[in-house]
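A.B. asks: One structure, as structure tokens, below. Some questions next.
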Amino acid sequence: MARLTFYGAAREVTGSCHLLEAPAVGRVLLDCGMHQGGDAVDRNDGDFGFDPAAIDAVVLSHAHLDHSGLLPRLYRQGFRGPIHCTGATAELLVVMLKDAAGLYFRDLERANLRNARRGRPEEPPAYEWEDVAAVLDACVGHRYREAVPLGPAGTLRFHDAGHILGSAICEVSFEEADGPRRLVFSGDLGKHDSVLMREPARLQSADLVLMESTYGDREHKTEEDTLAELREVLRDTWRRGGSVMIPSFAVGRTQEILFHLGCLHQAGELDGWQVFLDSPMAIAVTRVYDHWLRLLDAEDVKTLSENQRASLENFLPTLKLTESTDASMAINRIRKGALIIAGSGMCTGGRIRHHFKHRIWDASNTVIFVGFQAAGTLGRLIVDGASTIRMFGEEFVVKANVATLGGLSAHAGQSGLVAWLGAFDPAPRTVLVHGEAGAQKALAARIRGELGIETEIPGRYDSIEF
Ligand code: ZN
């Protein structure tokens with residue numbers, strides 16, 4: 001019997017981490033992600049719930065930190081196996097894990113200064129830089145559809161999930177005493193009409209499907225409607241004499257927004273705006289995207305090259321990349337027409353909070369949300385209509401307009417998820433992960449009605465056998 005245990009992203013959206021155990025593959029961890037929002041700090045510093053030293057290999061669906069962020073801790077606690085991922089994911093991880101470690105060590109230093117002032121003992125780091133380096137060394141990059149040996153007698157294949165650069169649906173095949181098994185882990189599935197990304201690959205055969213359900217209760221607007229909405233928001237903000245702040249995930253959302261803004265510029269619709277990519281990490285990630293253009297949607301890459309700018313970094317010639325803190329702070333002096341893209345995506349940290357400090361209390365400005373905001377994050381509070389927020393130990397009134405461009409989501413909407421699952425024939429046993437309870441319930445009902453599959457929704461630490 002093969003066993004699958006859910007250690008995260010169980011009835012929640014972050015902390016993706018599932019353990020597959022079978023004689024033919026050994027102990028394989030599917031993702032090793034951080035928790036974000038709510039009680040995230042405690043849960044990231046806590047025990048894994050299994051022995052990291054006993055894990056034989058990690059299979060990583062994509063580079064987002066809620067799928068990869070705990071890898072340095074895993075290594076610190078004794079994991080020494082290979083980390084299988086796509087080549088592009090391996091390259092993105094260099095940027096992601098180093099950035100995350102930098103933030104972590106800075107926060108830890110501050111916390112320990114507070115501890116010292118209160119006479120409390122110093123908190124030791126959960127990992128060191130050498131663990132980050134070891135994790136990056138352990139990454140093995142593979143091509144899509146390549147057959148990768150896994151454990152004593154298993155095979156792993158990655159398929160394009162269309163979510164972010166390098167994102168993968170993970171297919172694990174192996175033999176059990178009573179016959180073959182095939183597990184398909186969706187990772188995060190992309191939206192079918194998103195720019196830059198290809199369509200998520202449709203697979204047809206599986207005994208068990210582990211599917212994400214982030215937007216299980218929602219449909220997205222089309223990319224075209226979303227672009228129209230973006231135009232409208234920019235026009236309104238310009239008329240009010242304001243500026244725009246876009247909290248953005250460094251990987252995926254930022255590059256898609258840059259592509260859309262590039263298209264608006266080519267159409268002469270961005271005249272007067274000063275666009276800033278105010279995130280050293282997003283700048284680095286955009287360069288990784290430029291390195292792997294061959295993995296992106298062919299039509300969109302053609303659009304880049306038709307404008308003699310076969311790179312995202314140059315598609316919008318007026319784009320200003322602000323890497324230094326001084327350059328970032330200089331943006332504060334612009335009163336009207338600044339369009340600022342900054343992290344973090346859910347406003348839990350990063351430069352976006354400094355821009356909020358300078359602008360969120362002014363009704364002429366606009367905040368545009370372009371990605372999922374997990375429960376408990378500052379971004380979610382603002383989306384849910386908070387009239388005041390607290391940052392840097394101060395209270396700020398939220399007077400800026402708040403717009404949500406759901407159509408720019410990196411995730412499939414309800415119909416997209418159902419269509420992807422519907423491609424399997426015969427209908428597989430299906431487990432929903434990576435979704436909040438309401439979204440999972442709605443998706444389960446639609447799947448039951450349309451595909452006749454009774455899905456399972458495990459809680460944290462639940463196990464199933466297959
Ligand atoms: Zn993701």
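A.B. asks: How are the Cα pair distances of region 283-340 distributed, in percent, across 5 Å bins from 0?
C.D. replies: Bins of 5 Å from zero give 4, 15, 22, 20, 14, 11, 10, 3 percent of pairs.
A.B. asks: Another one. Over the Cα atoms of region 1-150, compute the convex hull volume and normalise it per residue, giving Å³.
C.D. replies: 114
A.B. asks: Under a 1.4 Å probe, what is the accessible area of the chain per residue, stated in Å²?
C.D. replies: About 40 Å² of surface per residue is accessible.
A.B. asks: Considering only DSSP beta bridges with both partners in region 223-408, what is the antiparallel share in %, to the nearest 5?
C.D. replies: 20
A.B. asks: Explain nothing, just compute: Karplus ³J(HN,Hα) = 6.51 cos²θ - 1.76 cosθ + 1.60, θ = phi - 60°, for every residue of region 131-137 in order, whole Hz, x for Gly and Pro.
C.D. replies: Working through the residues one at a time gives 5, 4, 4, 5, 4, 5, 5 Hz.
A.B. asks: Given a Förster distance of 30 angstrom, what is the FRET efficiency for Ala363 paired with Arg106, based on the Cβ-Cβ distance and rounded to 0.05?
C.D. replies: 0.35
A.B. asks: Checking the cross-link filter: which lysines have an alpha carbon closer than 22 Å to that of Lys320, excluding same-chain neighbours under 8 positions apart?
C.D. replies: Lys336, Lys357
A.B. asks: Could I ask something else about it? Give the percent of DSSP beta bridges with both residues in the chain that are antiparallel, rounded to the nearest 5.
C.D. replies: Given both bridge residues lie in the chain, the antiparallel proportion sits at roughly 50 percent.
A.B. asks: So, one more: Size of region 157-273 along its principal axes in angstrom, Cα-based, largest extent first?
C.D. replies: 69, 27, 21
A.B. asks: Between Met329 and Met1, 0.36 nm times their residue separation minus their Cα-Cα distance comes to what?
C.D. replies: Additional length available on full extension: 112.3 nm.
A.B. asks: Read phi for every residue in region 218-227 and hand back ³J(HN,Hα) as whole Hz from Karplus 6.51 cos²θ - 1.76 cosθ + 1.60, θ = phi - 60°, with x for Gly and Pro.
C.D. replies: The phi angles translate into 9, 9, 9, 5, 6, 4, 5, 4, 5, 5 Hz.
A.B. asks: How large is the Rg to Rh ratio of the chain when both quantities use alpha carbon positions and Rh follows Kirkwood?
C.D. replies: 0.96
A.B. asks: Kirkwood hydrodynamic radius of region 404-466 from all distinct Cα pairs, in Å?
C.D. replies: One over the average 1/r among Cα pairs gives 12.9 Å for region 404-466.
A.B. asks: Using the Cα atoms of region 263-312, I'd like the radius of gyration and the largest Cα-Cα distance, Dmax, both in angstrom.
C.D. replies: So, for region 263-312, Rg and Dmax equal 12.4, 33 Å respectively.
A.B. asks: Oh, and also: Normalised by the residues of region 223-408, what does the relative contact order come to in percent, with Cα pairs under 8 Å and at least six apart?
C.D. replies: Answer for region 223-408 is 32 percent.
A.B. asks: Give a residue-ordered list of calculated ³J(HN,Hα) values for region 271-278 (Karplus: 6.51 cos²θ - 1.76 cosθ + 1.60, θ = phi - 60°; whole Hz; x for Gly, Pro).
C.D. replies: Coupling constants for region 271-278: 4, x, 6, 10, 9, 10, 9, 9 Hz.
A.B. asks: Along the charge dipole of the chain, pointing to its positive end and built from +1/-1 on Cβ of Lys, Arg, Asp and Glu, which listed residue (Thr303, Phe396, Thr377) has its Cα farthest out?
C.D. replies: Towards the positive end, the residue furthest out is Phe396.
A.B. asks: Over 18 Å, how big is the tail of the calculated P(r) for region 74-130, in percent of all Cα pairs?
C.D. replies: Here the tail beyond 18 Å accounts for 51 percent of pairs.
A.B. asks: Give the carbon-plus-sulfur fraction of the accessible surface of region 381-435 in %, rounded to a whole number; probe 1.4 Å, heavy atoms of protein chains only.
C.D. replies: Solvent-exposed carbon and sulfur of region 381-435 make up 49 percent of the total.
A.B. asks: Moving on. Treating each Cα of region 223-408 as an identical point scatterer and ignoring solvent, apply the Debye formula and state log10 I(q)/I(0) at q = 0.11, 0.13 Å⁻¹.
C.D. replies: -0.45, -0.63
A.B. asks: To the nearest 20 debye, what charge dipole does region 223-408 have about its Cα centre, counting +1 at the Cβ of each Lys and Arg and -1 at the Cβ of each Asp and Glu?
C.D. replies: Value, rounded to 20: 720 debye.
A.B. asks: Take peptides 76-86, 456-466 and line them up by average Cβ neighbours within 10 Å, highest first, as a rough protection proxy.
C.D. replies: The densest-packed peptide leads the list: 76-86, 456-466.
A.B. asks: Over what distance in Å are the Cα centres of region 429-466 and region 148-211 separated?
C.D. replies: The two parts, judged by their Cα centres, are 18 Å apart.
A.B. asks: Still on this structure: Phe105: accessible area at probe 1.4 Å, nearest 10 Å²?
C.D. replies: Phe105 has an accessible surface of roughly 40 Å² with all protein chains in place.
A.B. asks: Cα extents of region 353-418 along the three principal axes, largest first, in whole Å?
C.D. replies: 44, 25, 18
A.B. asks: Right, here's the next one. State the answer as a single residue: which of Pro52, Pro124, Ser205 lies farthest towards the positive end of the charge dipole of the chain, with beta carbon charges of +1 for Lys and Arg and -1 for Asp and Glu, about the Cα centre.
C.D. replies: Of Pro52, Pro124, Ser205, it is Pro124.
A.B. asks: Could you estimate the translational diffusion coefficient of region 96-243 from the Stokes-Einstein equation, with Rh from the Kirkwood formula over C-alpha pairs, at 20 °C and 1.002 mPa s, in whole µm²/s?
C.D. replies: It diffuses with D of about 106 µm²/s by this estimate.
The values are calculated or read from the model by the stated rules, or taken from the named source; none is laboratory data. Note that the structure is predicted; figures quoted are calculated from it, not measured. All Cβ positions, glycine included, derive from the backbone under ideal geometry; neighbour counts span all protein chains shown. Note: accessible area is taken over every heavy atom of the protein model, side chains too, but ligands, DNA and RNA are not part of it. Shrake-Rupley method; radii C 1.70, N 1.55, O 1.52, S 1.80 Å.
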